[in-house]
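Every read-out reported here was derived from the displayed coordinates using simple, explicitly stated rules and does not represent laboratory data. All values derive from a computational prediction rather than experimental measurement. Using ideal geometry, Cβ is built from the backbone for each residue, glycine included, and neighbour counts are taken over all protein chains shown.
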Amino acid sequence: MVARQEDQARLRAGHAGVSSAIDANIGTTPVREELRFEEAALEGWMRVTVPNYEGPLRVEQFKGGQSNPTYKLITPRRSYVMRRKPPGQLLKGAHAVEREAKVLSALAKVGFPVARIYGLCTDDSVIGTWFYVMEMVEGRIFWDATLPEIAVAERPAYFDAMNATIAQLHCIDYQSIGLGDYGRPGNFFERQIGRWSQQYLDDADAGRDANMDRVIAWLRDNIPAGDETSIVHGDFRVDNMIFHPTEPRVLAVLDWELSTLGHPLADFAYHAMMYHMPPHIVAGLAGADLAALNIPSETEYSTTYCRRSGRTEIPHYGFYIAFNFFRMAAIFHGIKGRVLRGTASSAQAAERAKTFPELSEIAWSLTRRVA
């Protein structure tokens with residue numbers, strides 16, 4: 001995650017019920033007690049690793065971020081961002097900061113909008129867990145998908161910028177930039193359903209959910225034929241992008257923890273979940289008057305992506321949307337488990353965990369529409 005602009009405009013009155021949760025994710029706070037580390041050790045590493053580093057160093061923690069703790073590293077001349085694995089017991093394969101650093105470094109080589117990586121540390125003796133340090137990109141982040149801060153006439157350009165960015169990602173030749181081993185091509189849905197189902201089942205602390213159990217069974221029985229492979233971000237949302245301070249242009253895509261080689265249409269459908277997502281969960285457009293807001297419809301948005309990615313349509317689109325709600329529900333189930341174990345990296349994690357049953361219910365309702 002790259003630093004998010006700390007002074008965001010307040011949401012319009014109609015979204016007041018969402019604003020407190022959004023405000024809780026904006027800016028920085030003193031480092032939480034359970035996520036502190038030896039700052040002098042980090043500064044020693046930075047002096048050796050980061051080009052032109054000059055201290056002294058002061059550390060704050062970003063309020064947002066549900067998985068890997070993220071810190072603002074402040075020096076007199078400039079600021080940096082650090083992502084680290086959380087302390088404590090971790091689920092196998094989770095919190096892989098080394099994968100984030102790898103994909104960011106590779107994508108930067110072909111001009112995709114990401115932050116520059118300064119260094120990755122895999123020595124637990126420095127601050128207790130693995131971490132990487134990157135540049136801090138200044139710009140705007142929109143926490144409300146209706147873009148209330150943007151003039152009505154300008155909103156389509158911002159949606160078009162997001163659309164162009166995800167299409168660009170899916171068109172990158174991952175082999176040519178050294179990401180041929182970044183995932184396993186083929187059988188994407190079978191593997192993903194298996195992975196997230198197992199993570200859900202293994203987290204006994206977070207418990208079971210009847211809708212989630214039904215969704216898992218339905219997905220396993222309805223995997224579409226055919227497959228494609230591209231780099232996929234895995235969490236491509238409006239609030240995971242930094243936009244230019246004044247222009248409808250994406251400067252950096254954030255939060256690559258879930259990225260891998262996978263099916264591009266699954267990744268696009270995750271992004272398009274915003275059309276079905278209640279805004280109190282994450283940035284969503286469910287219930288919004290898109291025409292009045294001058295925001296493209298889901299059909300228009302999907303058609304534009306198809307044009308950019310050389311497609312005529314998206315078969316099995318309903319399956320992809322249902323799959324992604326299941327996947328997000330599994331992620332929030334994991335947050336619930338970390339809250340109960342006391343290892344959640346965000347102070348707002350408990351609020352996120354409470355929405356897990358709502359996500360699983362939406363996922364189940366979507367399977368009924370497809371059926």
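At a glance:
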{"read-out": "Relative contact order, percent, the chain [alpha-carbon distance under 8 Å, six or more residues apart]", "value": "19 percent"}
{"read-out": "Nonlocal amide H pairs with residue 252, under 5 Å, H built at 1.01 Å", "value": "242"}
{"read-out": "Residues whose placed amide H lies under 5 Å from that of residue 129, excluding near-sequence neighbours", "value": "none"}
{"read-out": "Calculated SAXS-style log₁₀ I(q)/I(0) at q = 0.18, 0.26, 0.28 Å⁻¹ - segment 270-328, Debye, Cα scatterers", "value": "-0.69, -1.16, -1.21"}
{"read-out": "Listed residues 124, 235, 160, most fluctuating in the chain (Gaussian network, C-alpha, under 10 Å)", "value": "124"}
{"read-out": "Radius of gyration and maximum dimension Dmax of the chain, Cα, Å", "value": "19.9, 60"}
{"read-out": "Nearby lysines by direct alpha-carbon distance to residue 336 (threshold 25 angstrom, same-chain neighbours under 8 apart not counted)", "value": "63, 85, 92, 354"}
{"read-out": "Residue order, fewest to most beta carbons within 10 Å, for 143, 45", "value": "45, 143"}
{"read-out": "Other-chain or far-sequence residues with amide H under 5 Å of residue 295's (modelled H)", "value": "none"}
{"read-out": "Backbone HN-Hα couplings from phi across segment 229-240 [Karplus 6.51/-1.76/1.60, Hz, Gly and Pro as x]", "value": "9, 8, 5, 10, 6, x, 8, 7, 10, 4, 7, 10"}
{"read-out": "Expected 222 nm ellipticity per residue - DSSP helices of 4 or more, -39500 (n - 2.57), all of the chain, to 500", "value": "-12500 deg cm²/dmol"}
{"read-out": "At q = 0.11, 0.16, 0.18 Å⁻¹, base-10 log of I(q)/I(0) for segment 152-370 (Debye sum, equal scatterers on each alpha carbon)", "value": "-0.55, -1.21, -1.49"}
{"read-out": "In segment 248-309, chymotrypsin sites (Phe, Trp or Tyr not before Pro) in a DSSP loop with at most 11 other beta-carbon atoms within 10 Å", "value": "none"}
{"read-out": "Rounded to whole Hz, the Karplus (6.51, -1.76, 1.60) HN-Hα couplings of segment 166-175, x for glycine and proline", "value": "6, 5, 4, 4, 6, 9, 6, 6, 5, 5"}
